[in-house]
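Data block below; observations after.
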Amino acid sequence: MDAHYGKVMQARDQIKDGGSRLYFAYSGVLDRQAFEIWAEEHSYQFFKLPEGQVAEAKGVDLIFDFPSRWWGGRVAGLTEKTGSSVFGRLFEIPAKEWPIIQHKEGVVTGMSVEKILTVTVDGKEFEATVFVTSPSRQSLDGPVSDRYLEALVRGAKASGLPQTYVDSLPTKAK
(Lines give C-alpha, C1' and ligand atoms only; values in the text may rest on other atoms or scores of the structure.)
Protein backbone atom coordinates (compact mmCIF):
# COMPACT_ATOMS: atom_id res chain seq x y z
CA MET A 1 0.00 0.00 0.00
CA ASP A 2 1.27 3.49 -0.75
CA ALA A 3 0.38 7.01 0.27
CA HIS A 4 -2.20 7.32 -2.51
CA TYR A 5 -4.34 4.35 -1.47
CA GLY A 6 -6.46 6.35 0.99
CA LYS A 7 -7.07 9.09 -1.54
CA VAL A 8 -8.11 6.56 -4.20
CA MET A 9 -10.40 4.66 -1.84
CA GLN A 10 -12.03 7.92 -0.70
CA ALA A 11 -12.65 8.90 -4.33
CA ARG A 12 -14.06 5.42 -4.99
CA ASP A 13 -16.43 5.70 -2.03
CA GLN A 14 -17.78 9.03 -3.27
CA ILE A 15 -18.82 7.61 -6.67
CA LYS A 16 -22.50 6.74 -6.68
CA ASP A 17 -22.73 6.30 -10.46
CA GLY A 18 -23.47 2.72 -11.40
CA GLY A 19 -22.31 3.30 -14.98
CA SER A 20 -19.00 2.66 -16.64
CA ARG A 21 -16.28 4.37 -18.66
CA LEU A 22 -14.42 3.24 -21.75
CA TYR A 23 -10.66 3.12 -21.30
CA PHE A 24 -8.14 2.67 -24.11
CA ALA A 25 -4.93 1.12 -22.78
CA TYR A 26 -1.89 1.06 -25.04
CA SER A 27 1.09 0.86 -22.71
CA GLY A 28 2.44 -1.12 -19.78
CA VAL A 29 -1.07 -1.81 -18.49
CA LEU A 30 -1.34 -4.46 -21.20
CA ASP A 31 1.27 -6.56 -19.40
CA ARG A 32 -1.19 -8.42 -17.16
CA GLN A 33 1.52 -9.85 -14.94
CA ALA A 34 2.96 -6.39 -14.26
CA PHE A 35 -0.55 -5.01 -13.68
CA GLU A 36 -1.39 -7.75 -11.17
CA ILE A 37 1.88 -7.16 -9.31
CA TRP A 38 1.11 -3.42 -9.19
CA ALA A 39 -2.45 -4.10 -7.94
CA GLU A 40 -1.14 -6.41 -5.20
CA GLU A 41 1.55 -3.92 -4.13
CA HIS A 42 -1.06 -1.16 -3.87
CA SER A 43 -3.71 -3.30 -2.09
CA TYR A 44 -6.08 -3.35 -5.07
CA GLN A 45 -6.09 -7.13 -5.43
CA PHE A 46 -9.91 -6.96 -5.40
CA PHE A 47 -9.80 -5.21 -8.79
CA LYS A 48 -9.41 -7.27 -11.94
CA LEU A 49 -8.87 -5.67 -15.32
CA PRO A 50 -11.59 -6.97 -17.67
CA GLU A 51 -10.73 -8.84 -20.88
CA GLY A 52 -11.34 -5.89 -23.20
CA GLN A 53 -11.17 -5.86 -26.99
CA VAL A 54 -8.36 -5.09 -29.42
CA ALA A 55 -8.78 -1.49 -30.58
CA GLU A 56 -6.97 0.97 -32.85
CA ALA A 57 -6.54 4.71 -32.35
CA LYS A 58 -5.78 6.44 -35.65
CA GLY A 59 -3.91 9.72 -36.06
CA VAL A 60 -1.65 9.10 -33.06
CA ASP A 61 1.67 7.41 -32.41
CA LEU A 62 3.74 6.41 -29.42
CA ILE A 63 6.24 8.91 -28.08
CA PHE A 64 8.55 7.99 -25.25
CA ASP A 65 8.16 11.28 -23.42
CA PHE A 66 7.99 10.49 -19.72
CA PRO A 67 11.17 9.84 -17.73
CA SER A 68 10.22 7.26 -15.11
CA ARG A 69 12.39 6.60 -12.09
CA TRP A 70 10.55 3.33 -11.45
CA TRP A 71 11.18 2.03 -14.99
CA GLY A 72 14.69 3.52 -15.15
CA GLY A 73 14.14 5.48 -18.36
CA ARG A 74 11.50 7.01 -20.59
CA VAL A 75 8.10 5.35 -21.09
CA ALA A 76 5.39 5.82 -23.71
CA GLY A 77 2.79 8.48 -24.14
CA LEU A 78 0.82 9.47 -27.24
CA THR A 79 1.36 12.19 -29.79
CA GLU A 80 -0.79 13.25 -32.72
CA LYS A 81 0.62 11.97 -36.01
CA THR A 82 -1.26 11.85 -39.29
CA GLY A 83 -1.14 8.45 -40.97
CA SER A 84 -0.09 6.57 -37.83
CA SER A 85 -2.03 4.49 -35.38
CA VAL A 86 -1.61 2.85 -32.01
CA PHE A 87 -3.16 -0.46 -31.03
CA GLY A 88 -4.29 -1.37 -27.56
CA ARG A 89 -7.28 -2.78 -25.76
CA LEU A 90 -10.58 -1.09 -25.05
CA PHE A 91 -11.85 -1.83 -21.55
CA GLU A 92 -15.20 -1.04 -19.96
CA ILE A 93 -14.41 0.01 -16.39
CA PRO A 94 -17.13 0.40 -13.74
CA ALA A 95 -17.30 4.07 -12.71
CA LYS A 96 -16.59 3.12 -9.09
CA GLU A 97 -13.26 1.55 -10.13
CA TRP A 98 -12.12 4.51 -12.26
CA PRO A 99 -9.94 6.01 -9.47
CA ILE A 100 -7.86 2.80 -9.51
CA ILE A 101 -7.20 3.23 -13.23
CA GLN A 102 -6.32 6.89 -12.60
CA HIS A 103 -3.84 5.79 -9.94
CA LYS A 104 -2.25 3.17 -12.20
CA GLU A 105 -1.96 5.65 -15.07
CA GLY A 106 -0.38 8.35 -12.91
CA VAL A 107 -3.11 10.98 -12.64
CA VAL A 108 -2.76 10.92 -8.84
CA THR A 109 0.92 11.91 -9.06
CA GLY A 110 0.51 14.43 -11.90
CA MET A 111 2.34 12.16 -14.36
CA SER A 112 -0.54 11.95 -16.82
CA VAL A 113 -3.76 13.60 -17.87
CA GLU A 114 -6.93 12.18 -19.35
CA LYS A 115 -7.83 12.74 -22.98
CA ILE A 116 -10.78 11.55 -25.06
CA LEU A 117 -9.86 9.66 -28.21
CA THR A 118 -11.83 7.87 -30.90
CA VAL A 119 -10.88 4.21 -31.21
CA THR A 120 -12.09 1.53 -33.58
CA VAL A 121 -13.09 -2.02 -32.63
CA ASP A 122 -14.26 -4.35 -35.40
CA GLY A 123 -15.12 -1.36 -37.62
CA LYS A 124 -17.14 0.43 -34.92
CA GLU A 125 -15.99 3.71 -33.40
CA PHE A 126 -16.03 4.47 -29.67
CA GLU A 127 -15.07 7.51 -27.62
CA ALA A 128 -12.68 6.36 -24.91
CA THR A 129 -10.50 7.89 -22.25
CA VAL A 130 -6.77 7.54 -22.77
CA PHE A 131 -3.95 8.72 -20.54
CA VAL A 132 -1.13 10.84 -21.96
CA THR A 133 1.90 12.41 -20.35
CA SER A 134 1.12 15.65 -18.56
CA PRO A 135 2.62 18.54 -20.60
CA SER A 136 4.49 19.73 -17.50
CA ARG A 137 6.24 16.34 -17.19
CA GLN A 138 7.14 15.68 -20.84
CA SER A 139 10.81 15.18 -21.67
CA LEU A 140 12.80 13.42 -24.36
CA ASP A 141 15.97 13.50 -22.26
CA GLY A 142 17.66 10.22 -21.39
CA PRO A 143 17.23 6.71 -22.72
CA VAL A 144 14.04 4.74 -23.20
CA SER A 145 13.65 2.13 -20.47
CA ASP A 146 14.66 -1.29 -21.81
CA ARG A 147 12.67 -2.97 -19.05
CA TYR A 148 9.58 -0.95 -19.98
CA LEU A 149 10.01 -1.74 -23.67
CA GLU A 150 10.17 -5.46 -22.82
CA ALA A 151 6.93 -5.13 -20.80
CA LEU A 152 5.31 -3.15 -23.64
CA VAL A 153 6.15 -5.84 -26.20
CA ARG A 154 5.16 -8.66 -23.81
CA GLY A 155 1.81 -6.97 -23.10
CA ALA A 156 1.14 -6.25 -26.78
CA LYS A 157 1.76 -9.90 -27.68
CA ALA A 158 -0.34 -11.22 -24.80
CA SER A 159 -3.14 -8.80 -25.73
CA GLY A 160 -3.37 -10.16 -29.25
CA LEU A 161 -2.36 -6.92 -30.95
CA PRO A 162 -1.42 -7.27 -34.64
CA GLN A 163 2.02 -8.85 -35.07
CA THR A 164 3.19 -6.09 -37.42
CA TYR A 165 2.41 -3.56 -34.69
CA VAL A 166 4.14 -5.64 -32.00
CA ASP A 167 7.20 -5.92 -34.27
CA SER A 168 7.24 -2.13 -34.76
CA LEU A 169 7.41 -1.29 -31.03
CA PRO A 170 11.22 -1.43 -30.63
CA THR A 171 11.59 0.87 -33.64
CA LYS A 172 9.12 3.38 -32.15
CA ALA A 173 11.35 3.57 -29.07
CA LYS A 174 14.33 4.88 -31.05
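The values are calculated or read from the model by the stated rules, or taken from the named source; none is laboratory data. Keep in mind that what you see is a predicted model, and the values were worked out from it rather than measured. Methodologically, a virtual Cβ is constructed for each residue, glycine included, from the backbone with ideal geometry; neighbour enumeration extends over all protein chains shown. Accessible surface areas use protein heavy atoms only, side chains included; no ligands, DNA or RNA. Shrake-Rupley method; radii C 1.70, N 1.55, O 1.52, S 1.80 Å.
Here are the numbers for the structure shown:
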item: Within the stretch 124-149, tally of residues that are outside any strand (DSSP E or B), open to solvent by 70 Å² or more (accessible area, probe 1.4 Å) and either over 18 Å from residue 61 (Cβ atoms) or out of contact with any Lys or Arg (no Cβ under 9 Å at 6 or more places or on another chain) (or both); result: 8
item: Given (1) under 25 Å from residue 53 (Cα atoms); (2) in contact (Cβ under 8 Å) with a residue 24 or more places away in the chain; (3) exposed (fewer than 15 other Cβ atoms within 10 Å of the Cβ), index of the condition residue 169 fails; result: (3)
item: Test result for residue 157, assigned to a helix (DSSP H, G or I), among the basic types (Lys, Arg), without any contact (Cβ under 8 Å) to a residue 40 or more places away in the chain and open to solvent by 50 Å² or more (accessible area, probe 1.4 Å); result: yes
item: Helices (runs of 4 or more DSSP H) enclosed by the stretch 1-116 - at least 2 residues per element that are open to solvent by less than 20 Å² (accessible area, probe 1.4 Å) and more than 17 Å from residue 149 (Cβ to Cβ); result: 98-105
